[in-house]
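Below is one structure, written out as C-alpha cells; comments come after it.
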C-alpha cells in the first residue's frame, strides 16, 4: 500500500506547535493508520495543543472530534481519515507528512508544563485509555495541567516486553522513563504513576523500580504477569517478590470494587505488601473509574499542583487577541463565535478577571471606563481599547517573576506539607453550637485558616493586601459549601473530639481564591489521605474594596505579584458556576425525592443587625454570621408550624451550599425567606427512626430589596424518638 502515513500533524496558520505521536512500533510497522480497525488497533492518535481550532473548513469525514479534554484547549481526535481524504488535506496544506521513526516510543502524548515541578505517567489498560471515562479522568484530576506522559501497550503484554526499540524490554522501559524524568528536571518524589487494569499492575511495578513518590492503581488484575516472573534484565516481575523489599519511598494506592471477586482477591494480596494502601469501592465490575469519577472523587485524588522553582516562565506563545478570546471562552463557557458577535455582558467578578488578564498579559493599562464597556460593549470594542494603549504588545507577555514567600509569615500553629496546611483541632466550647460542633464557629475557623494559608503562600499579610491605588482589599466570600458525614452530620463532632484540618488553596486569575478544608483524623498522613468520604468545608473568595459603605463592595485585585505563587486553576471554579445559578433564581442543592414541602410559599422573617455581635473589624456583616441568621429564621418558621424547641435543638447540618451576593449596613434590616421540606421514617429492621429537613433560604436587605444570600441546606436530627417522627408526619400530611 502506498501513500499511507504513520504520523500526521495538523498545522494552523497562527504558528502554534502541536505534538504528534505515532501509535505503533517497529515490529508492528505493518499496521498502518489507514488500516486501523477494530478495538485493538484504535488508540487515540493525535494530541493537539494550543488555541481553539476551527475545523469548519475541513471535510466532516476527515477527522471526528471527540471532546475538549482541558480548559487549556487540549483536544484529542479518535480516527484518522482515509487515504483519499489525507491526500486531499495534504494538497490543501492542512496536513503535512512526517516520516515514520522506529525509535519513537508508542506513548499517546507527552505534554510539557515548564511551570510545573511534577511528572505524572499514565499507563492505560486494555482499552488503550483510562476506561470509557478517559477524558473526564484527565480533566477532573487536572492532569492535563501537569507534565503528563501517557503510555499504551498495544501488544497487550502488561508493559513487561517494552514498547519500542528505544525501550525494547521492561528494563529498557524503566531506563527510558527515568531518562524522561531526568530530562524534565523532575525529582523522584515528584514523579507519580497512575494505571488502570493491566496498566495498574504495570504502574505499581514501574513505580517501585523508579522509586516514584506515589502510585495510584485502579483494579490491577494480578500481582504478576501471565507469562513471566523475571525480565531479561534481572527485574523481578512478581510484585509479591519485588515489593518484599520496599524502596522506602513509594506509596501505592490500590483502588478496587469489593464486589469483584478477582480484583478483591488480588487486593488482599497487595494489602500484605509494604507501602500499600487499599481503597475498597462500592461499585460493581472490574471497571470502577466511571463510577469513581461520577462521585466527584477525581478532583481530590492527586496532590495539589506544584510550581517549578524557576518562576521566569513564559505564557503560551501566540497572539494576545487569540489568547484573550480563549480566556473569555473559558470564563463564560460561550463559543468564540458568540463572544465575537454578541455584547460581552460580563458580571462584576468576570470583569475583574478580564481586566487582569488584559493588563498583565498584554502590557496595557485600561481606563476606569472599562467595566461599563465590558457590560455593554463587544469583544471588538475591548480589543480596540487594548490596541489603542501606548504600551500594547500584540504577543502575550511573560508571567510575573516572583520570589518565594517567607516560610510562615502568620506565625500560626499550623504546619505545611507539600503546599497543604495542616492544623490540629480539639473541639472546645468556642467551636460548639446547640448540637455539638457548630456551623458558624467552624466557618470562622476555616475562614481564618484560609487567610493564613493565603498569607503563607503569597508572603503578603492580610492587612497589607491592597490594590494598585493603595486601597485595602478584603477576600470576601462569594460561595461556601459544607459537606458533613452521614448519618450524624456535624453533630458527629462533640466536645474534646480531635481532628486535623487539611487545607489546600488555589486561585483563578489574581482575584479569585478556592480553598478546601478537609476534616481528617488527627495526625492523618496527608499524602495517603483518602478525602472522598471525609467532611469538608469549601470556601471561595473574591477580592473587594469598600465603596460607599459596607452595603456596596467593588470587585478588585491585589497589586502584589506574589499572589502568582498560589497554585493556579486554568478554568473557573465550580463555585463560580453555582454562584451564577443562584443569581438566576435556581436551586443550588437538589431537594431529596421523599421530602415534602411544609408550606406552599416561603415565609419571611425580619431580623435586625447588631453591630457588636454581627459585624467584623471591616464593618462588614461577617460571612460566618450569615448562616446564624438563616438558622434563627428557620427555627422561627418551624416553631410556628408546631415543632418543639427540644427537637429543633437537635438539628445537625449534612450539606449546605450558600451563594453570597452582597452585604448590608449596620442600620439595615434583614429579611429571610424560608421554604422548608421534611421527611420522616419510623424505626424498622433496616435502621433507626430518622427525620430529615431540606430548606431553601433567601436573605435580602430591606432598604432596597437586594438579595444578600441564596442558600440551600439539608439537615438531619439527633436522637430521634417515635414522638418526634409522629410530630413531623403530622405536619407532612396536613
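Observations on the structure shown:
- For the range 356-383, taking the residues that are in a helix (DSSP H, G or I) and modelled with pLDDT of 80 or more, the one that is surrounded by the most Cβ atoms within 10 Å (Cβ to Cβ) is identified as 382.
- Exclusive hit being modelled with pLDDT of 85 or more, within 21 Å of the chain's Cα centre (by Cα), more than 23 Å from residue 651 (Cβ to Cβ) and outside the structural domain of residue 692 (by TED's automatic domain parsing), set 535, 521, 567, 485: 567
- Across the range 609-620, not a single residue is classified as in the same structural domain as residue 731 (by TED's automatic domain parsing), assigned to a loop (DSSP other than H, G, I, E, B), under 29 Å from residue 682 (Cβ atoms) and free of Cβ contacts under 8 Å to residues at least 24 places away in the same chain.
- Members of the range 630-647 that are surrounded by fewer than 22 Cβ atoms within 10 Å (Cβ to Cβ), part of a helix (DSSP H, G or I) and touching a residue at least 60 places away in the same chain (Cβ under 8 Å): 647
- The set of residues in the range 712-730 being more than 18 Å from residue 642 (Cα to Cα) and either in a helix (DSSP H, G or I) or touching a helix residue (DSSP H, G or I) at 6+ places or on another chain (Cβ under 6 Å) (or both) consists of 718 alone.
- Check on residue 666, outside the structural domain of residue 545 (by TED's automatic domain parsing), over 26 Å from residue 519 (Cα atoms), within 39 Å of the chain's Cα centre (by Cα) and not in a strand (DSSP E or B): yes
- Residue in the range 396-410 that is under 32 Å from the mean Cα position of the chain (by Cα), at pLDDT 85 or above and exposed (fewer than 13 other Cβ atoms within 10 Å of the Cβ) present: no
Residue-wise test of (1) under 22 Å from residue 640 (Cβ atoms); (2) at pLDDT 90 or above.
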{"residue": "700", "(1), (2)": "yes, yes"}
{"residue": "703", "(1), (2)": "no, yes"}
{"residue": "706", "(1), (2)": "no, yes"}
{"residue": "732", "(1), (2)": "yes, no"}
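- Residue within the range 631-641 that is closer than 19 Å to residue 657 by Cα, assigned by TED's automatic domain parsing to the domain that holds residue 712, out of contact with any helix residue (DSSP H, G or I) (no Cβ under 9 Å at 6 or more places or on another chain) and at pLDDT 95 or above present: yes
- Among residues of the range 677-707, those that are under 17 Å from residue 652 (Cα atoms) and touching a helix residue (DSSP H, G or I) at 6+ places or on another chain (Cβ under 6 Å), counted: 6
- The requirement of being at pLDDT 85 or above, closer than 12 Å to residue 121 by Cα and more than 24 Å from the chain's Cα centre (by Cα) is fulfilled somewhere in the range 207-228, by at least one residue.
The values are calculated or read from the model by the stated rules, or taken from the named source; none is laboratory data. These figures come from a predicted structure and were not determined experimentally. Neighbour counts run over all protein chains shown; Cβ positions are idealised from the backbone, glycine included.
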